[in-house]
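Student: Here's a structure for you.
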Amino acid sequence: MKLLAAAVAAALLAACAQPSPQPLASPGTAPAPQAAQARESDIDALMQRMTLQEKIGQLRLRSVDAGPDARKEVLLDEIRTGQVGAIFNTVTRPDIRVLQDAAMQSRLKIPLFFAYDVIHGHRTVFPIGLGLASSWDMDAIARSGRVSAIEANADGLNLTFSPMVDISRDPRWGRNSEGYGEDTYLTSRIGATLVKAYQGDDPSAPGTIMASVKHFAMYGAIEGARDYNTVDMSPQRMYQDYLPPYKAAIDAGAAGVMVALNAVNGVPATADKWLLQDLLRKQWGFKGITISDHGAILELLRHGVAADGRDAARLAIQAGTDLSMNDKVYGTDLEPLVKSGEVAIADIDRAVRDVLRVKYDLGLFRDAYRHVGRAADDPADNDAENRLHRADARDVARRSLVLLKNSASTLPLRKQGTIAVIGPLARSQRDVMGNWSAAGKARQAVSVYQGLAEATAGRATLRYAKGANVIDDARIVTYLNEFEKDVEVDSRTPRAMIDEAVQAARASDVVVAVVGESQGMAHEASSRTDIVIPDSQRALLRALKATGKPLVIVLMNGRPLALEWEDANADAMLETWYAGTEGGHAIADVLFGDYNPSGKLPMTFPRVVGQVPLYYNHLNTGRPFDPARPNKYTSRYFDHENGPLYPFGYGLSYTTFDLSGVTLSTAQLARGGKLTASVTVRNSGQRDGETVVQLYVQDPVASISRPVKELKGFSKIFLKAGESRVVSFEIGDAQMGFYDGQGRFNVEPGRFNVYLGLDSRDANVASFVLR
Ligand code: NOJ
């Protein structure tokens, strides 16, 4: 077991500073001017030697899928004849070497680069995106990124399709699990942190990979949260809420951008010249590579903007989609398009240059085997234990867990007596890793049961029962199991399974029920119309509740769920998302109080699905609903309690924290100036612990309606029991301004409200005036 070398981590973490929300040019990983000039003239020289077909070959990113050897032979042949620029879905050095060998047999010996979905870990799997975001801990998130890069690069990989910074306000979307939640500022910080952690200062250095931020743009705003659906959005909302996280990742130096599958305002992103050239390159100064999403170029036909493959290839290349992910049409149609004059060679050259620059910056022209190394040094066992970073994974995972409820100090549990561990997810090693678990192996993951068993060995007795299937609906099981075995269905009747669980509960002092969604239920192509715990598991929970034993619900899921029943009936509830390889250990650490939970929700939890989209930074409307004085003609639902069940930023601890009022360094601020907002936080409970102090700002009167509050800063602090600390935030233009519909950043004078709190609902406020 390895712990990331502290010195390396410290140096890289220091680099992970806060991104600026201002529209600045990308510093990127741009080389010094002289080196950049040398790079460009080397690329010029190479391009002069390339045929049109060889240029087009560079624009093809091909997948290596498990399949018959004949298919691999075809691919190797394409590589040898210069028809492939890069590869994804290969994850071992021997496999990568064979492909690079083929590239070295091509006429110009242009090396391939190798990409993969390293989303929340590589061989060691960290918590899913929503879990990482729940930590609000940039050091921990950077550590997950560093470990991912080290492990991926040790397998010969060069580029990851991460971070995914799509803002989403709708829990029905399965891909919420991959992102960092609903908030622009938090997501921007995380995106920038991960880019720097993956790339370091030099993407050619060992232990680093290039980042490609996705999905550009606004994929998280698809209508009805139905995957791949359409986005239609006002320019204000686009600039203010949805675009900044991509910009933050690019400002942090992201080498790549993955283009979204969806259309925005009627234009599919893959064919959107405004998005890929005017905004991305001209306004934002992006100099890297754009990569289409899987098959997205041909999908332009079904979007209804291209008549045929040839049309689709033309639209995509002219819009600025450099690299085509697994579409055939760049290979078949770009050459005739250039020959007929429909596509300018300049469009091809621009894209080829972007691809070659990536390879140059990766050091592949100096040594095509730079990252893959010598065969003699290949690991004997790719999955060897000593290739994992378990200590890092456990530490990051426990920081990602959110305590939602804890009545009568049910938690932490004592390591004694008999504990019933019940539920279809309790012993699952596959689910605890979550989706997009890269090269992680389920058999190396620690289930919740295993974590609890190790923590209590020799001190307490565990009784296990599955209690229910994750879901009983055969149609849904078939859907979830189509491409991989996601849900194991027990052949016993629901009654028999519940009876067994109830028996185990009755014979125990406390029940820990591990329930929620299988990992495949919170994935790509996994949108749901409802967001409750499936009926089979609800029935189990009801039966467990009826035993009268203290009920601790451990949730495993990849989206906010509607948990009114669980909130009313559980004695304690812990949100664990999918916590990764070391999930079971981390969850045991929290359940037994060896770690005091400090996670905070990065997405609002609604009461019922009918409330969505429900998000904390909404506009006030002309008729805001006030729960203290509920009026009929206000913005509300009449058939259910309004407002969230758990607000954005919420999460409990085993200790309590008190907050003083907000102090401002001045009540009057001159234009261009800065002030300091401070609050004293006291750990008023019995245990040491961490919490997240959150800064929200409101511009109550502006030229356009502004949100009731917006997150503009946060600080995660550790306080010993009884300890107090003053926490301060600077407020300047970046915190006060906003983007208008033309993408201009404006700061308007007038009154501002400053909220400091431990979640987005309960915060103390002070005001100042900007002159
Ligand atoms: C499709 C997904 O939308 C994208 O996020 C992923 O990176 C690619 N497939 C490659 O696997």
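Student: Which one of Val257, Tyr185, Ala525 has its Cα pushed farthest toward the positive end of the charge dipole of the chain, where Lys and Arg give +1 and Asp and Glu give -1 at the Cβ?
Tutor: Looking along the dipole axis, the top candidate is Tyr185.
Student: Related question: Run the dipole for the range 402-598 about the Cα centre, Lys and Arg Cβ at +1, Asp and Glu Cβ at -1, nothing else charged, and hand back the magnitude in debye, nearest 20.
Tutor: 580 debye
Student: With each label point set 7 Å from Cα along the Cα-Cβ vector, what nm distance links Ser635 and Asp69?
Tutor: About 6.5 nm separates the two model spin labels.
Student: Something else about it: Obtain the nm distance between the two label points defined at Arg49 and Arg682 by a simple spin-label model: each point lies 7 Å from its Cα along the Cα-to-C-beta direction.
Tutor: 7.4 nm
Student: On a C-alpha basis, how far is the centre of the range 691-762 from the centre of the range 40-87 in Å? Whole number, if you could?
Tutor: The two parts, judged by their Cα centres, are 49 Å apart.
Student: Subtracting the Cα-Cα distance from 0.36 nm times the residue separation, let me have the gained length for Lys674 to Arg237 in nm, one decimal.
Tutor: Extra length from Lys674 to Arg237 when fully extended: 154.7 nm.
Student: Take every Cα pair under 8 Å in the chain that's 6+ residues apart, average their separations, divide by the length, and report that relative contact order as a whole percent.
Tutor: Details: 1868 pairs, mean separation 108.2, N = 771.
The value is 14 percent.
Student: 222 nm [θ] for the chain, helices only, -39500 (n - 2.57) per DSSP H run of 4+, per residue, to 500?
Tutor: Calculated at 222 nm, the ellipticity per residue is -8500 deg cm²/dmol.
Student: In the range 538-554, which residues have a backbone nitrogen under 19 Å from the label point lying 7 Å from Thr418's Cα in the Cα-to-Cβ direction?
Tutor: Under cut-off, by backbone N: 543-552.
Student: Okay, moving on. Just the C-alpha atoms of the range 657-770: what Rg/Rh do they give, with Rh taken as the Kirkwood radius?
Tutor: Details: Rg = 15.2 Å, Rh = 14.8 Å.
Result for the range 657-770 is an Rg/Rh of 1.03.
Student: Counting only protein chains, not ligands or nucleic acids, how are His389, His618 ordered by accessible area (probe 1.4 Å), most first?
Tutor: Descending accessible area places them as His618, His389.
Student: Simple spin-label model, 7 Å along Cα-to-Cβ: Val769 to Val98 in nm?
Tutor: 7.5 nm
Student: Collect residues whose amide H, placed 1.01 Å from N in the peptide plane, falls under 5 Å from the amide H of Arg607; neighbours closer than 5 in sequence don't count.
Tutor: Counting only residues 5 or more places away or on other chains, the set is Leu645.
Student: If the chain between Val532 and Gln37 were fully stretched, how many nm would it gain, using 0.36 nm times the residue separation less the Cα-Cα distance?
Tutor: Once the chain is fully extended between Val532 and Gln37, it gains 172.5 nm.
Student: A follow-up question, please. With the other protein chains left in place, how much accessible area per residue, in square angstrom, belongs to the range 238-340 at a 1.4 angstrom probe?
Tutor: 30 Å²
Student: Enumerate the residues in the range 708-741 having an amide nitrogen under 18 Å from the point lying 7 Å beyond the Cα of Phe625 toward its Cβ.
Tutor: Only 708-709 fall inside the zone, counting backbone N under 18 Å.
Student: Further, regarding this structure: Measure off, as a whole percent, the carbon and sulfur share of the 1.4 Å-probe accessible area of the range 463-562, all protein chains present.
Tutor: The C+S portion of the solvent-accessible surface of the range 463-562 is 51 percent.
Student: Given charges of +1 on the Cβ of Lys and Arg and -1 on the Cβ of Asp and Glu, with all other atoms neutral, how large is the dipole of the chain about its Cα centre, in debye to the nearest 20?
Tutor: Computed about the Cα centre, the dipole is about 1160 debye.
Student: At 1.4 Å probe size, what's the solvent-accessible area of Arg237? Round to the nearest 10 Å².
Tutor: Surface accessible to solvent at Arg237 totals approximately 100 Å².
Student: With a 1.4 Å probe and every protein chain left in place, tell me how much accessible area Thr656 has, in Å² to the nearest 10.
Tutor: The accessible area of Thr656 comes to roughly 80 Å².
Student: While we're looking at this one, here's another question. Over the range 54-375, with every protein chain in place, what whole percent of the accessible area is carbon and sulfur at 1.4 Å, could you tell me?
Tutor: With neighbouring chains kept in place, the figure for the range 54-375 is 50 percent.
Student: Let me ask something else. Which of the three applies to the range 35-192, rounded, prolate or oblate, going by the alpha-carbon gyration tensor with a ≥ b ≥ c and a/c under 1.5 meaning rounded?
Tutor: prolate
Student: Now for a separate question. Would you mind computing Rg(Cα) / (2.2 N^0.38 Å) for the chain, counting N as its residues?
Tutor: Output field value: 0.95.
Student: Where does each of Thr410, Thr493 land when they are ordered by accessible area, with a 1.4 Å probe and the largest first?
Tutor: Most to least solvent-accessible, the answer reads Thr493, Thr410.
Student: Here's something else I'd like to know. Can you give the accessible area per residue of the range 402-598, in Å², using a 1.4 Å probe?
Tutor: 35 Å²
Student: Can you list the lysines whose alpha carbon sits under 22 Å from that of Lys485, skipping same-chain ones fewer than 8 residues off?
Tutor: Lys441, Lys466
Student: Right, next: If you count only protein heavy atoms with a 1.4 Å probe, what accessible area per residue comes out for the range 602-734, rounded to a whole Å²? Kindly include the intermediate steps, with their values, before the conclusion.
Tutor: Values: 6400 Å² over 133 residues.
Heavy-atom accessible area per residue stands at 48 Å².
Student: Could you rank the peptides 82-95, 166-179 by their average count of other C-beta atoms within 10 Å per residue, with the highest value first?
Tutor: 166-179, 82-95
Student: Can you tell me the FRET efficiency between Glu223 and Arg443 if r is taken as the Cβ-Cβ distance and R0 is 35 Å, rounded to the nearest 0.05?
Tutor: E(calc), rounded to 0.05, equals 0.30.
Student: Hey, another quick one. Given a 1.4 angstrom probe, I'd like the percentage of the accessible area of the range 657-770 that is carbon and sulfur, rounded to a whole number.
Tutor: 45 percent
Student: Just read off the accessible area of Ile128 with the full protein assembly in place, 1.4 Å probe, to the nearest 10 Å².
Tutor: 0 Å²
Student: Within the chain, which whole H helices from DSSP have a Cα span along their axis of at least 27 Å and a mean Kyte-Doolittle hydropathy of 1.0 or more, if any?
Tutor: Numbers: long enough: none.
TM-like helix candidates: nothing returned.
Student: Roughly how many Å is it from the Cα centre of the range 292-316 to that of the range 531-610, as a whole number?
Tutor: 43 Å
Student: Still on this model: Students often get this wrong, so check it: of Lys196/Lys287; Lys282/Lys674; Lys282/Lys712; Lys55/Lys287; Lys214/Lys282; Lys549/Lys720, which have C-alpha atoms separated by over 21 Å?
Tutor: Working: Lys196/Lys287 16 Å; Lys282/Lys674 30 Å; Lys282/Lys712 27 Å; Lys55/Lys287 19 Å; Lys214/Lys282 19 Å; Lys549/Lys720 33 Å.
With Cα atoms farther than 21 Å apart: Lys282/Lys674; Lys282/Lys712; Lys549/Lys720.
Student: So if R0 is 30 Å, what FRET efficiency would Ser703 and Trp274 give, r being the distance between their Cβ atoms, rounded to the nearest 0.05?
Tutor: 0.75
The values are calculated or read from the model by the stated rules, or taken from the named source; none is laboratory data. No experiment lies behind these values; they were computed from the predicted model shown. Cβ atoms come from the backbone with ideal geometry, glycine included; neighbour counts cover every protein chain shown. Note: areas computed on protein heavy atoms with side chains; ligands, DNA, RNA excluded. Shrake-Rupley method; radii C 1.70, N 1.55, O 1.52, S 1.80 Å.
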